[in-house]
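Heads up, the thing below is written out as structure tokens.
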Amino acid sequence: MLDKICTHCKIVFQITDKDIEFYEKVSPSFDWRKYNISTPNLCPECRQQRRLSFRNERKLYKRKCDYSWKEIISTYSPDKKNKVYDQDIWWSDKWEALDYWIDFDFNKTFFEPFNDLIQDSPRKHINQKKENTNSIYSNIITWVKNSYLSFAGAYSENIYYTNWFGYNKNCIDSSYIVNSENCYECLDLDRCYNCKYTLNSSNCNDSIFLYNCKNCSYCLLSANLYWKKYYINNKKFTREDYKKIIDKLTQYAFLKDYIESFNLLLNKVVRKNLDNNWSDRSIWNKVINSKNVLNWFDVYNVNFARNIFDWWWWESLMDFYEFFDDCSNSYEWQEMWKSYKAICCSYCYLVNNISYCLDCYNCSNLFWCVWLRNKSYCILNKQYTKEEYNKLVPKIIEHMQKTWERWESFPSSLSPFWYNETVAEEYFPMTREEVINDTVISSEWNESRDLKKETSPLHSKWHTFLHWKVFNWSDYEAPKPKVDKIIPANKLPEDIKDIPDDILNRAIECEVTKKPFRIIPGELEFYRKHNLPIPRRHPDRRHLDRMKLRNPRKLFDRKCDKCKKDIKTTYSPERLEIVYCEECYNNEVY
């Protein structure tokens, strides 16, 4: 066990013997010599913040393709100088990423030429695969049809204003939802049908305002129910009485009252300290069918991993955010698929034995490359022979060790996105003033560091120019939607039956932020079919409201509110919810 002090937040964090074994296992070898990955200098939370500062999920803009000059929807705002191609152009043979190669200069730090490479070479306008249909206003999706303003999902159809989804159909305004259909305003759902305002539930159907229910049908305003039917407020009703109450929920006033009642229910319901299922040696939250995990949240079917968030099906990984299906023996990643032995990379798929790469596909043996497809033995996008590659990479690794860059992931200063455009702001919120002031402090701290012991000027240059915590803040505002009229939310008819077709030509003024937003045809059809009122809040605000219902990805020490024994939980001791240990919870609920 090794104790280290985070170079940013100054907290003490631990490197376990298992961690060190993992670093040795995934470290690359050249000519039978292993170049061991060094232990990290940042704590797990700061490393996660650094990764997330590269991930723009939800911010979309209109701009021009720099190749065809047609208008596109992009994650890169028009005020950014990055060269952006429409993805049809990007995937075509009309350009070649190897044309943007750079020779490595041993008189520079490595991040400098890499920064030049990613600034000069074209990037695709949005993170999508070509298999998607009618989904240009969505990002980080795969095999999705008819998606609008939905993010981080796969294998779904007719999805609106939803994030983190898979294998769904006809779902709106939901998050972390899988294998479900006809659901609205739901969070953490699995195998549910026709559910609204339902949280943390599975195998439920035709229900509204549920929390932590399983195998329930026709239930309303209830929590911790199992195998129940026609329940309201955890009490049994007849089918006729249940239907009389449900029929009133087509009107916004009644629905608003139930939302308030549901919030009161959530404050007094008994909660389990950790939401884990079928997992072994995994004291973390939302871990399913996994074992040997540490600092995991929202993961499924994993064996041995550390500091992982939003991942399915893999083995032997550390420091990751989002992956899907069959990955192993990799370190410091953001989004991967079917990959093996990859270090410090982002958005790479079907790759193996690569390091420090961005957006590469079906490649192997790459070092510091971007946007490559079907390539091997390249450095800074320059093609080498196998022998040349295996000779040069060890020299570069040794050079990086001298400049303190060795096995440190990309610093936030290289991110093409500003802090308030990224997921980092969602999990590590900062104001504009905090971002600007923190960046100034970071730069001043680097410049004032005692570098007398470091004889090379590269040490000072790297720390002042490419310190990881140099963020930017975007002040860009997209133009307001062009509509005939903007309607204040409080002027909308309460019943969906009274909403005219003309609503599609107008914008609604959010009741909270006052930002205008539009209703699209598929969305209006869903509301009418399910007797739901038109939303009064902007989609971004609705997303924030949902995410506030999720606990922070952090464990706290507190007492079980029943037996008083010490427990680990995502509920901080200051929170008022009733939290039980697993044993007390099971005795209470089952």
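See the values below:
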{"read-out": "Candidate lysines for bridging to Lys4, where Cα separation is under 20 Å - those fewer than 8 sequence places away on the same chain excluded", "value": "Lys18, Lys469, Lys554"}
{"read-out": "Pairs from Lys25/Lys129; Lys130/Lys169; Lys62/Lys256; Lys341/Lys386 whose Cα-Cα separation, in the structure shown, is over 28 Å", "value": "Lys25/Lys129; Lys62/Lys256"}
{"read-out": "Cα centroid separation - the stretch 178-227 against the stretch 476-525, whole Å", "value": "28"}
{"read-out": "With every protein chain in place, the stretch 198-251: carbon and sulfur % of accessible area (1.4 Å)", "value": "50"}
{"read-out": "Amide H contacts of Lys515 (H built 1.01 Å from N, under 5 Å, at least 5 apart or other chain)", "value": "Cys510"}
{"read-out": "Per-pair calculated FRET efficiency, R0 = 30 Å: Ile20 and Ser572 via Cβ, rounded to 0.05", "value": "0.45"}
{"read-out": "Of Lys81/Lys124; Lys83/Lys338; Lys196/Lys529, pairs whose Cα-Cα distance is over 24 Å", "value": "Lys83/Lys338"}
{"read-out": "Calculated from backbone phi, Karplus (6.51, -1.76, 1.60) coupling profile of the stretch 348-361 in Hz, x at Gly/Pro", "value": "10, 9, 6, 10, 8, 6, 10, 9, 6, 10, 10, 6, 10, 10"}
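The values are calculated or read from the model by the stated rules, or taken from the named source; none is laboratory data. Keep in mind it's a predicted model, so treat the numbers as computed, not measured. With ideal geometry, Cβ positions are generated from the backbone for all residues, glycine too; neighbour counts draw on all protein chains shown. Accessible surface is based on the protein model in full, side chains and every heavy atom, while ligands, DNA and RNA are left aside. Shrake-Rupley method; radii C 1.70, N 1.55, O 1.52, S 1.80 Å.
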